[in-house]
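The values are calculated or read from the model by the stated rules, or taken from the named source; none is laboratory data. Worth saying up front: this structure is predicted, and the values here are computed from it rather than measured. Cβ atoms come from the backbone with ideal geometry, glycine included; neighbour counts cover every protein chain shown. Surface areas here come from the heavy atoms of the whole protein model, side chains and all, with no ligands, DNA or RNA. Shrake-Rupley method; radii C 1.70, N 1.55, O 1.52, S 1.80 Å.
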Amino acid sequence: MNSKNYNWFLSAVAVVLTLAVLAGGQMVWQRFTVVQPMDKLLQGVDGVTKSSWEEGKKDDVVQIYITLTKAKDFARTYGTIHDGAKRILGTRPFKINITDTRTAELEQFYYHTHYLLQEAVFTGNFAAMDEKIRKLSSEAGISSQVYVETKMVYVKFAKDTSEMYVVLTR
């Protein structure tokens with residue numbers, strides 16, 4: 001090929017256009033396979049009053065932020081978000097960050113019962129833990145719900161209009 005007849009300008013334009021089309025396709029794919037499904041997932045979950053998420057760079061952990069208020073079934077709410085995010089994000093790691101309406105009193109009660117929860121996670125004696133937490137929460141005027149699943153323990157403490165949600169890994 002004769003370099004005098006070769007049009008370098010048209011080649012450069014072709015390369016730039018190709019890159020632009022590929023980048024645009026990537027953005028459209030991202031929007032329809034990740035952004036819209038994640039937004040839709042977070043909007044329709046019981047107890048979620050506010051939600052957002054940050055994707056970061058390709059290898060970063062996706063941060064999912066949810067604000068919970070009056071979640072009737074905390075384990076189901078968390079599980080719906082976790083399973084949906086896993087389905088949408090595939091192998092990308094993610095972390096669910098929960099904001100609630102906890103008070104100092106609820107936090108203190110959690111710290112008081114934390115050892116019971118951790119002991120039950122370690123020993124598997126959840127019946128004794130549940131009995132002790134129910135007794136302590138009744139004495140403190142705090143409503144407590146503890147859900148135990150194969151890999152997680154979900155804890156909800158509530159008093160008046162304040163609520164505290166905690167997820168423990170087994």
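May I ask you to list the residues of the range 56-84 whose amide nitrogen lies under 11 Å from a point 7 Å from Cα along the Cα→beta-carbon direction of Glu149?
74-84
Report, for the chain, the % of DSSP beta bridges that are antiparallel, rounded to 5.
Working: 20 of 26 bridges.
DSSP beta bridges in the chain are roughly 75 percent antiparallel.
Would you please give the FRET efficiency between Asp60 and His82, computed as 1/(1 + (r/R0)^6) with r the Cβ-Cβ distance and R0 = 22 Å, to the nearest 0.05? Mind showing how you got there, number by number?
On the way: r = 18 Å, r/R0 = 0.83.
That gives a FRET efficiency of 0.75.
Net charge within 13 Å of Met164 by Cβ-Cβ distance, Lys/Arg positive one each and Asp/Glu negative one each, not counting Met164 itself? Write down the numbers at each step before the final one.
Values: positive: Lys70, Arg102, Lys156, Lys159; negative: Asp100, Glu105, Glu107, Asp160, Glu163.
Once positives and negatives cancel, what remains is -1.
Let's test the formula: R0 of 25 Å, r as the Cβ-Cβ distance of Tyr115 and Val167. What FRET efficiency results, to the nearest 0.05? Don't skip to the end; give the middle numbers.
Working: r = 17 Å, r/R0 = 0.70.
Approximately 0.90, to the nearest 0.05.
What is the total of Lys pairs in the chain with C-alpha atoms under 12 Å apart, excluding same-chain pairs fewer than 8 positions apart?
Working: Lys70/Lys156; Lys70/Lys159; Lys72/Lys156; Lys86/Lys95.
Close lysine pairs found across the chain: 4.
How long is the gain from Phe9 to Phe122 if the chain were fully straight, where each residue apart is worth 0.36 nm and the alpha carbon distance is subtracted? Show your work: numbers first, answer last.
Values: separation 113, 0.36 × 113 = 40.68 nm, distance 6.86 nm.
Value of the extension gain: 33.8 nm.
Just the number please: accessible area per residue for the chain, 1.4 Å probe, all protein chains included, in Å².
Working: 11170 Å² over 170 residues.
Using a 1.4 Å probe on heavy atoms only, each residue of the chain averages 66 Å².
Under 10 Å, Cα contacts only: if you run a Gaussian network model on the chain, which one of Thr67, Thr150, Thr99 comes out with the highest mean-square fluctuation?
Thr150
If you stretched the chain out fully between Leu17 and Asp130, how much longer would it get, using 0.36 nm times the residue separation minus the C-alpha to C-alpha distance? It would help to have the intermediate numbers written out before the result.
Details: separation 113, 0.36 × 113 = 40.68 nm, distance 6.35 nm.
So the extension gain works out to 34.3 nm.
With the contact rule set at Cα under 8 Å and sequence spacing of 6 or more, what percent relative contact order holds for the range 105-158?
On the way: 38 pairs, mean separation 14.9, N = 54.
For the range 105-158, the relative contact order is 28 percent.
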